[in-house]
Amino acid sequence: MTSSPNGATALNGTMQAARITKHGGLGAVSVVNQPIPEPGFGEVLVEIHAVGLNHLDLWVRRGVPGHKFPLPLTPGCDGAGIVVSCGAGVSNVTPGEAVIISPGTSCGACKHCLSGRDPLCRDYGIFGETRDGTCAEYACIPAANVVPKPDSVAFHEAGCFALVALTAWTMLVERARIEPGEDVLILAGGSGVGSLGIQIAKLFGCRVIATAGSDAKLARLRELGADDVIHHGHEDIAGRVKELTDKRGVDVVFEHVGEATWQASLRSLAWGGRLVTCGATTGAHAECDLRMIFFKSLSILGSTMGSKGVVPQLVQLLGEGRLRAPIATTIPLSKIETAHRLLEERHVFGKVVVVPDRYYS
């Protein structure tokens, strides 16, 4: 060990890290030994205790036609751990603090960043997508991207929260602008982002209708607060929504599934309704009847991530027990392929959490 210029302990040696060197199937992600990084100016070195997997991790591993990822790359957008050392210029955090990692980075100086709309920054990026991520024993993180972890929250709960909470909050609160008393349809409520969507909509006093693909998952949706549930494998989503809303439809559809549900989502909307989407896990080429959109005065809203300025508020709600990311299972880092497979199969309810082997039990 050596001493850094600010007096913090710096580490020497190697660490385990998940690594993607080329796109492909489950075998395209593996665990390797590589040097422990050193924090640069404005960065902190975090000893990672838990990382929540997201569908972005699967897209990075598989590859996206027309998009170039900076391979080789360590995946992982979420995470929680303990600050080990700080680079020069860091004043908001000290070694020994337990932190939650905010997943988005930006230039910090353009008009979008300065107005709190950093996802619109031309240099916006996400850990594990545009730079090395958190699926490792240690990660260098900009100091602006760490938030103190509430003492009441365990690391495995904290490490899978930020990305899905920020995404769902931005979709519903910032983009769709939900209001008390509105009807909100949450697609795939058993997913990480869907489960947060249910909780946030209820936090704002909305009536929530949520979908899932099994009776067991439907029961879990009710536990999270859903007022009504729809089995999307056995029931017609739009038809059931019309029954539940006396033929009116819902005010907001929370969409992230894509092709498989797009038509049903549009047909589920009331006149003047809003559809907000953040993803396309079943395919990106959705079709619609434009007449439905202009005759019914529908709004279709895109949403990607959210401002890092919102993350402290979300972490406060996590600490108060008002929001949480349900956890399906925890997997040791050395079994990263298993973690990817579980998320890819979509049979789990909630988050798949990866834990460095030394903290796995």
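The values are calculated or read from the model by the stated rules, or taken from the named source; none is laboratory data. Owing to the predicted nature of the structure, the values given are computational and were not obtained by experimental measurement. Glycine gets a Cβ as well: all are built from the backbone with ideal geometry, and neighbour counts include every protein chain shown. In case anyone asks, the SASA skips ligands and DNA or RNA and just uses the protein heavy atoms, side chains included. Shrake-Rupley method; radii C 1.70, N 1.55, O 1.52, S 1.80 Å.
In this structure, does P103 turn out to be touching a residue at least 60 places away in the same chain (Cβ under 8 Å) and open to solvent by less than 60 Å² (accessible area, probe 1.4 Å)? Answer is yes for this residue. Flag: R274 matches the condition of being in a strand (DSSP E or B), of a type outside the set (A, V, I, L, M, F, W, C) and either open to solvent by 30 Å² or more (accessible area, probe 1.4 Å) or out of contact with any Lys or Arg (no Cβ under 6 Å at 6 or more places or on another chain) (or both). Tell me whether the range 312-335 contains one or more residues that are touching a His at 6+ places or on another chain (Cβ under 9 Å), under 22 Å from G189 (Cβ atoms) and open to solvent by less than 30 Å² (accessible area, probe 1.4 Å). Taking every residue of the range 312-335 in turn, none turns out to be touching a His at 6+ places or on another chain (Cβ under 9 Å), under 22 Å from G189 (Cβ atoms) and open to solvent by less than 30 Å² (accessible area, probe 1.4 Å). The condition of being part of a helix (DSSP H, G or I), among the hydrophobic types (A, V, I, L, M, F, W, C) and either open to solvent by less than 20 Å² (accessible area, probe 1.4 Å) or touching a Leu at 6+ places or on another chain (Cβ under 6 Å) (or both) holds for L343.
Selection of the range 88-108 for residues being out of contact with any helix residue (DSSP H, G or I) (no Cβ under 6 Å at 6 or more places or on another chain) and of a type in the set (S, T, Y) yields S91, T94, T105. Only one of A158, A139, A144 is within 26 Å of T14 (Cα to Cα), open to solvent by less than 10 Å² (accessible area, probe 1.4 Å) and over 17 Å from the mean Cα position of the chain (by Cα); which? Selected residue: A139, the only one of A158, A139, A144 that is within 26 Å of T14 (Cα to Cα), open to solvent by less than 10 Å² (accessible area, probe 1.4 Å) and over 17 Å from the mean Cα position of the chain (by Cα).
The numbered conditions (1) farther than 24 Å from D78 by Cβ; (2) under 23 Å from the mean Cα position of the chain (by Cα); (3) open to solvent by 10 Å² or more (accessible area, probe 1.4 Å) are all true for K247 except (2).
Please indicate, with yes or no, whether at least one residue in the range 147-154 is crowded, with 23+ Cβ neighbours inside 10 Å and on the phi > 0 side of the Ramachandran plot. No, the range 147-154 contains no residue that is crowded, with 23+ Cβ neighbours inside 10 Å and on the phi > 0 side of the Ramachandran plot.
Taking K247 as the residue in question, decide whether it is over 30 Å from S91 (Cβ atoms), part of a helix (DSSP H, G or I) and among the basic types (K, R).
no
The residues of the range 286-301 that are under 27 Å from P103 (Cβ atoms) and out of contact with any strand residue (DSSP E or B) (no Cβ under 6 Å at 6 or more places or on another chain) amount to a single one, A286.
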